[in-house]
Amino acid sequence: MSNSDGSATGRRAEDDTVRIPNSNGDETIELTQASADDTVRLTLPTADDTVRLTLPTADDTVRIPSPDETVPLTLPVEDDIPWWAGSTDDATVEVDNPAVAGGASSPAVTGGVVELSRMPATGALYRRAIVALLPGRRRSSRPTPSGPTLPPPEVAPTLPATELRLRGLTVDRGHLAAYDRVCGFRLSDTLPATYPHVLAFPLAMRLMTSAEFPFPLLGLVHIANRITLHRPIDASEPLDLSVRTAELRPHRRGQQFEVLTTASVGGEPVWSGVATYLRREPKPTEGDRHEPGDRPEPPATTGRWRVSPRVGTAYTRVSGDRNPIHTSRLGARLLGYPRPIAHGMWSKARCLAALEGRLPEAYTVEVAFKLPVPLPGTLAFSATPAWDFALHDVDSGRPHLTGTLR
């Protein structure tokens, strides 16, 4: 079987081996799925060697240059909720054949800019994140040929120097409408300021589940988020997205880092986001505990919202954020919460929806996520003429979110 460009494709045999004939018909490249962690073994008949690859996601395309040609190998893709639009092909990673490169081992796909031609499936990425938590599956900041291992204690973790890009993403109007309804926005062809965060979230997931990422995804805490909207974005405008990680630094409860996202139209940045995540350490540093008197009095309430458990499942569907702490009581308990909690970005979006109609065309909105919002629960919303806003527990006054808009 050949593709329209003349390149060969393969079929999966009963023994889970994919055999791909070269276009000249006299050789076969065999691909065998080695394990559930997307590690595959490629045997090149043109040389006495085997290449082991750990793929960034289960739906990537890998190109192995043989001495005569390049043969595209595409792993089977497990179906996921296709809420994005505008992309059909898989990402492509160029990997040198050791027989051609003088016997060198396959290089890790790290650093630089990686152009993707389709959006990663978050379901598969979350399954990878869960597998990474199993005994013997712990990751490190430096991948090894046999898989991730813990670094020596003296080695400081480092973030991958990779930037992911996806060009020409078009907005699915049905998905946009579903997002508007879940978050409380009016139905409109103009994107809410928080919506590009959802569009780019699978790219961030791809980075944070890569072998080079130093921390397990599950257990990271989203502690702050800043969004800058440079101008209104119409749903008809194709977006170019870029995502990278930066600013790994100490925090009193562990280590924090940032995920930096940019959305552009025709080369012009129209939106940027900074999501700050915390990797909690077992022992807090001195000064981590706060006395009750440290908490200021909550501002006057301007609205009350009853939040049902359906918010967790509904926002999961539209955001692709499938962390079980938002939908499963068992999943929440395993990660230290007595019951499911709302997504932090739902809380931010719901606050902006409450301010809709008064928002300027361009602004920066920044929030700090405080205590989780339990599901179900009742929230007290407050806003001031100076564009400060907050969410508090309606009974105790304990803060869930504080924000500013400028």
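The values are calculated or read from the model by the stated rules, or taken from the named source; none is laboratory data. Nothing here was measured: the structure is a model prediction, and the numbers come from that model. When we count neighbours, we look across all protein chains shown, and the Cβ atoms used for this are built from the backbone with ideal geometry, even at glycine.
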| task | Please work out if ALA349 is surrounded by 15 or more Cβ atoms within 10 Å (Cβ to Cβ), under 23 Å from the mean Cα position of the chain (by Cα) and closer than 22 Å to LEU217 by Cα. | result | no
| So how many residues does the range 172-204 have that are hydrophobic (A, V, I, L, M, F, W, C) and out of contact with any Ser or Thr (no Cβ under 8 Å at 6 or more places or on another chain)? | 9
| request: Report yes if some residue within the range 369-376 is within 23 Å of LEU203 (Cβ to Cβ) and in a strand (DSSP E or B); otherwise report no. | output: yes
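Quick one: which residue in ASP180, ASP240 is at pLDDT 95 or above, surrounded by fewer than 23 Cβ atoms within 10 Å (Cβ to Cβ) and part of a strand (DSSP E or B)?
So the residue among ASP180, ASP240 that is at pLDDT 95 or above, surrounded by fewer than 23 Cβ atoms within 10 Å (Cβ to Cβ) and part of a strand (DSSP E or B) is ASP240.
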| remark: Only one of LEU176, LEU203, LEU166 is under 20 Å from the mean Cα position of the chain (by Cα), aliphatic (A, V, I, L, M) and closer than 21 Å to LEU359 by Cβ, namely LEU176
| What pairs come up if the first residue lies in the range 122-137 and is assigned to a loop (DSSP other than H, G, I, E, B), the second is at pLDDT below 70, and their beta carbons are under 7 Å apart, counting only those six or more places apart or on different chains? | ARG137/VAL131
| message | Against the conditions (1) more than 26 Å from GLY174 (Cα to Cα); (2) of a type outside the set (A, V, I, L, M); (3) part of a strand (DSSP E or B), where does THR228 fall short? Just the number, please. | response | (1)
| said: Quick check on ALA332: is it closer than 19 Å to LYS370 by Cα, among the aliphatic types (A, V, I, L, M) and without any contact (Cβ under 8 Å) to a residue 12 or more places away in the chain? | reply: yes
| request: Would you mind finding the one in ARG231, ARG137, ARG206 that is surrounded by fewer than 18 Cβ atoms within 10 Å (Cβ to Cβ), modelled with pLDDT of 90 or more and in the same structural domain as SER328 (by TED's automatic domain parsing)? | output: ARG231
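Applying the selection to the range 388-403, what residues are among the β-branched types (Val, Ile, Thr) and part of a loop (DSSP other than H, G, I, E, B)?
VAL394
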